[in-house]
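To start, the structure under review is shown below, and the notes come after it.
The values are calculated or read from the model by the stated rules, or taken from the named source; none is laboratory data. Being a predicted model, the structure only gives us computed values, none of them experimental. Reconstructed Cβ throughout: ideal geometry from the backbone, glycine too, with neighbour counts over all protein chains shown. For the accessible areas, the whole protein counts, side chains as well, though only heavy atoms, and no ligand, DNA or RNA atoms are used. Shrake-Rupley method; radii C 1.70, N 1.55, O 1.52, S 1.80 Å.
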Amino acid sequence: MYKNLLVATDGSPLSDRAVDQAIDLAVVLKAKLFVFYASPSYPLPAYAGGVVYEPISKKEFAAFVTEEAEKILSAAEDKIKKANVNCARIHVLAATPWEAILGAAKENNCDLIIMASHGRRGISAMLLGSETQKVLTHSTLPVLVIR
């Protein structure tokens, strides 16, 4: 059965439910749980009138995303440890989170990916896209979707 589970979180209430479900599953399976968070990549500078405008310095951006990731991953890790589940954190900077999720799952020999989906349909799904949908489309691993 499953021994290495990867749960992707963004710190939202819905992804907190995915973390809770992943914990329950890891307890039953006696599996290791990898809690994953992808920060956005550094934003590209804007060019106007031959002048480059950077909204934030790379150093400030790195500090900001590291702090945000720490909050999100620590909250999940605290829950996981309270359930006596072996866990590890994964934090990456990624322009395409779905690719980072698949890469982290492969790199850590995970055999199941657990993540939330807002269940958007129709035009909003097309316009907003869905990291979960992209993972489902491209993954060769089983994916458990929580709604």
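Rolling a 1.4 angstrom probe over the protein heavy atoms with all chains in place gives the chain an accessible area of 59 Å² per residue. Charging the Cβ of each Asp and Glu at -1 and of each Lys and Arg at +1, and nothing else, the dipole of the stretch 1-116 about its Cα centre rounds to 380 debye. Three principal axis extents of the stretch 1-84 based on alpha-carbon atoms, in descending order, are 60, 22, 20 Å. Per the 1.4 Å probe, what fraction of the accessible area of the chain, in percent, lies on carbon and sulfur atoms? The nonpolar share, carbon plus sulfur, comes to 56 percent. Summary value for the chain: 33 percent relative contact order, contacts being C-alpha pairs under 8 angstrom separated by 6+ residues. All alpha carbon pair distances within the stretch 18-147 were sorted into 10 Å bins beginning at 0; the resulting P(r) in whole percents reads 11, 35, 33, 16, 4, 1, 0. Here the chain carries DSSP beta bridges of which approximately 15% are antiparallel, counting only pairs with both residues inside. Between 0 and 90 degrees, the angle of helix 58-82 with respect to the longest Cα principal axis of the chain falls at about 10 degrees. For the chain, the longest principal axis of the alpha carbon atoms and the long axis of helix 13-29 meet at an angle near 30°. Could you tell me how many degrees, from 0 to 90 and to the nearest 10, lie between the Cα long axis of helix 97-107 and the main elongation axis, the longest principal axis, of the Cα atoms of the chain? The angle comes out at about 50 degrees. Taking 25 Å as the limit for the C-alpha separation, the pairs K32/K71; K30/K106; K30/K134; K32/K58; K58/K79; K3/K106 exceed it in the case of K30/K134; K32/K58; K58/K79.
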